[in-house]
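Here is the structure we will look at.
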Amino acid sequence: KTSCANPPGHILYIFYFAISTYKTVMQMEYLDMVVNESVKLFPPSGWLERACKKTIVTNGATFPKGTVTMIQAYMLHHDPKLASFFISVFGSRFSKESRHTVDPYTFLPFGAGPRNCVGLGFDLLSLKVALVVHVENIAFRSCQDTQVRAHIDGWTIGLTGPKPIILKMVPKTRFSQKSKRQCSKGFYLIFLIPSSSYMRRGDI
Ligand code: HEM
């Protein structure tokens, strides 16, 4: 048992906790499905940009060489013409059995190709860890300031709305025990600082 008052022991405890949490979180298939479904419904980045290397004619429209095109991931993710994208059970399209049916160019929360998001692995890991820690310790409830149908504006650089999405956070009983709170302090520092920056941006 590591004492939190012992600094070297505390650091080892944090490493051990971080590595074992990493392994556990990466094995959680349903969590993976939920995260993928969430970034599909609300892709935090507003759009991707690509320049045409040569003149392209597609669907009767001509894009001369050098044209900068904007790809709106939110619209693509909600396009009813992409039938494979509409499986009724939440997240089930990203299960091990059916994720191969998802065309990677119709699912672009982190872009695609050689210029996709460099932080992809880190984003997903920190997002999952932040979710696990939050859901374990905090219950999210609606309150009088919660917008029941949140207004989302997809035409800005990040997917946000004119008003913040406000939820009430109710600590679960275990969270209020002093010993548990002390030992998870370092863990919060490591993971919640990077993840909070994009949570603000994406308002998810
Ligand atoms: C949820 C969080 C994040 C989302 C949704 C996100 C999304 C994106 C998207 C959509 C792109 C454009 C990809 C493309 O054009 O194909 C991008 C690029 C990039 N991202 Fe992220 N990102 C996130 C977090 C991060 C983090 C944490 C880092 C750094 C550790 C990072 C580093 C980068 C870099 C360097 C690029 C430019 C890549 C290039 O142009 O070659 N991102 N990101």
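None of the figures in this text is laboratory data; all of them are computed from the coordinates on show. Here the structure is a predicted model, which means the values were calculated and not measured. Methodologically, a virtual Cβ is constructed for each residue, glycine included, from the backbone with ideal geometry; neighbour enumeration extends over all protein chains shown.
Under the rule a/c < 1.5 gives rounded, and otherwise a/b versus b/c splits prolate from oblate, where does segment 22-137 land using the Cα gyration tensor? Here segment 22-137 falls in the prolate category.
From a point 7 Å beyond the Cα of residue 71 in the direction of its Cβ, which residues of segment 89-127 have a backbone N at a distance under 13 Å? Correct set: 103-117. What is the spin-label model distance, in nm, from residue 41 to residue 106 if the labels are put 7 Å beyond Cα along the C-beta direction? Reported label-point gap for residue 41 and residue 106 is 1.9 nm. When only the Cβ of Lys, Arg, Asp and Glu is charged (+1, +1, -1, -1), the dipole of segment 51-145 relative to its Cα centre reaches about 420 debye.
Net charge in the neighbourhood of residue 67 (other residues with Cβ under 12 Å of its Cβ; Lys, Arg +1, Asp, Glu -1) is +3. Evaluating 6.51 cos²θ - 1.76 cosθ + 1.60 at θ = phi - 60° for every residue in segment 54-69, the Karplus couplings come out as 8, 5, 10, 10, 9, 6, x, 10, 10, 10, x, 3, x, 5, 8, 10 Hz, glycine and proline recorded as x. Amide H to amide H, with H built 1.01 Å from N, residue 158 comes under 5 Å of 46, counting only residues 5 or more places away or on other chains.
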